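Only one structure is covered here, and it is reproduced in the block below.
Quick note: the coordinates plus some simple rules give every number you see, no bench work behind them. Bear in mind the structure is a predicted one, so any value in this text is a computation, not a measurement. In this analysis, Cβ positions are derived from the backbone assuming ideal geometry, glycine residues included, and neighbour counts consider all displayed protein chains.
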Amino acid sequence: MRYSRQMIMPNVRVNGQIFFKQSKVIIIGAGGLGCPAALYLVCAGIGEITIVDYDKVELSNLHRQILHSEEDLNQAKVDSAYNKLKSINSDVKIIPIHLHANSITIQQLITQNKYDVVVDGSDNVATRYLLNDVCVMNNIPLVSGSALQMEGQLTVYHYKGGPCYRCVFPDPPPPQAVTNCGDGGVLGPVCGTIGTLQALETIKIISGSAGVLSGQLLLFDGSSTTFRNVKLRGRNPKCAICGENPTVTKLIDYEQFCQSSAHDKVINIDILEADEQVEAKEFSKIVSNALVLDVRPEVEYQMCSIPGTINFPYSDIEKGHRMEKLNDLLNDKLTEVEYNVYVLCRRGNDSQRAVSCLKNRFSHIPVKFYNIKGGLHAYSRLVDPQFPVY
Amino acid sequence: MQKDWILGDLLIWLRDNLLKERPELFLQDNSVRPGILVLVNDSDWELMDTVNYPIQSKDTITFISTLHGG
């Protein structure tokens, strides 16, 4: 009864449902893509579904990672996903694996099991190359999805002679050209659309349907609700991994290859001297009568800010935009003695960069710029727990 | 008779006329940087000889940046 509405379709039938039951799918990432993908695959009655994720549930995940709820905060995402999925379909064997996917761990998993499909719901470039390479080496189709802000992309790599990720993107992008969801933001239904389509492609691969999205890339633009299906190049005979003479014959260090980490967390920088920084606690005592520049983007400043601070985005400082305005602001405060300007941002990284720009640009006036260590995150943690962390 | 424009010419023109900052995030070694997909009428430019493709009247040329979030 449970599967009757899909089994009466000529595309599935009894046979198709048996295929589903006999298949094994592995989903990397229990986030914005992995959640909806897992949900539909579990509902459809796939025999065994392995879910891999190293991360814990955070409040800022819940708008898009629909398997997790408020009571799951700080729990491993794979455990939270397991509990939800099990309650939906207890016939499916669900294997939660709390693990960071890297060359060693993923190799073991994939070679010890015979997965029919790998679903890429990861959030970074290094993991995408890793999954591509392991899929090619083990001859498994890779259902690849990604999403950012209002846009999503979907394709199937290494399927029936089609191209792999490296055929299309032989070299990783420069790290500074990559935006992650933590910085760029993403809308829940945009992830949901792509994750759901990943489940669809997985089901089509398992049931041997025609029309699998191989050699094509689907571009989804949520802002105009348009889908574009574009034709990709075919498999490259000179591809480093799936070509005729592959140069990559075992898994490599993908963080090194991509010059970026295999997660989407922000790595903190430390570029200033100790005497150019103040602690959040110390800052809280002087904030009321000091000149404080909050260098976050305007949209973030509008969400929450400390009263009395002035928003002057780092993007302007970096490019030297609106410098007359800043000059006026500083000159208004100008006195005989050197005075202090405090620079603040979300985590304390852009504010360091801003201090380092500003001290050079305004070296001719008696002003000293200070970075507020750890930014608003530290302020919320150490001074005012009511101040929102995002 | 004007000379034919190939895609490579367009890239240079875009860099010199439209890009205001950090051209290296668009162009590298006279082609697009890794992670940008160029489409001619919704097909990968790799299928039409990339920078050497002679642009035709009414062609639609699109630059897609790959996404990695999820």
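Here are some notes:
- Residue exposure sequence - B:TRP13, B:TRP5, B:TRP45 - by fewest surrounding Cβ within 10 Å: B:TRP13, B:TRP5, B:TRP45
- When +1 charges are put on Lys and Arg Cβ atoms and -1 charges on Asp and Glu Cβ atoms, the dipole computed for the protein assembly as shown relative to its Cα centre reaches about 1480 debye.
- Anisotropy class of chain B from Cα gyration tensor, a/c 1.5 cut: oblate
- Subtracting the Cα-Cα distance of A:LYS160 and A:TYR390 from 0.36 nm times their residue separation leaves 78.5 nm of extension gain.
- Within the range A:352-380: backbone nitrogen closer than 17 Å to the A:ASP270 label point (7 Å, Cα to C-beta): A:352-353, A:371-375, A:378
- Theoretical FRET efficiency, 1/(1+(r/R0)^6), r = Cβ-Cβ of A:CYS43 and A:ASP183, R0 25 Å, to 0.05: 0.15
- Segment A:SER4..A:HIS364, full-extension length gain: 121.9 nm, with 0.36 nm per residue of separation and the alpha-carbon distance subtracted.
- Each part gets one Cα centre, and for the range A:216-291 versus the range A:1-68 those centres are 27 Å apart.
- Residue separation of A:ASN245 and A:PHE257 scaled by 0.36 nm, minus their Cα-Cα distance, works out to 2.3 nm of gained length.
- MRE, 222 nm, helices only [DSSP H, n ≥ 4, -39500 (n - 2.57), over chain A, to nearest 500]: -10000 deg cm²/dmol
- Between helix A:350-361 and chain A: long-axis angle, C-alpha atoms, 0 to 90°, nearest 10: 40 degrees
- Selection from A:PHE227, A:CYS43, A:TYR129 lying farthest towards where the dipole of the protein assembly as shown points positive, charges on Cβ: A:CYS43
- Gyration tensor verdict on the protein assembly as shown (Cα atoms; rounded if a/c is under 1.5, prolate if a/b is larger than b/c, oblate otherwise): oblate
- Loop GluC sites (Glu not before Pro), the range A:315-390, which have at most 12 other Cβ atoms in a 10 Å radius of their Cβ (DSSP): A:GLU336, A:GLU338
- The simple Förster model, with R0 at 60 Å and r as the Cβ-Cβ distance, assigns A:ALA210 and B:ILE12 a FRET efficiency of 0.90.
- Distance in nm between pseudo-label sites at A:LEU59 and A:ASN15 (7 Å out along the Cβ direction from Cα): 5.4 nm
- A:LEU99-B:ASP49 FRET efficiency (beta carbon distance; Förster radius 56 Å; 0.05 resolution): 0.80
- Nearest-20 debye value, the range B:7-65 charge dipole, Cβ charges on Lys, Arg, Asp, Glu: 220 debye
- Positive dipole terminus of the range B:7-65, leading residue within B:ASN17, B:VAL40, B:LEU27 (C-beta point charges): B:ASN17
- Straight-line cross-link reach from A:LYS84 at under 23 Å between alpha-carbon atoms covers these lysines, not counting any fewer than eight positions away in the same chain: A:LYS21, A:LYS24, A:LYS56, A:LYS93.
- Classification of the range A:7-112 by its C-alpha gyration tensor yields an oblate form. The axis ratio a/c (a ≥ b ≥ c) is 1.5 or more, and b/c is at least a/b.
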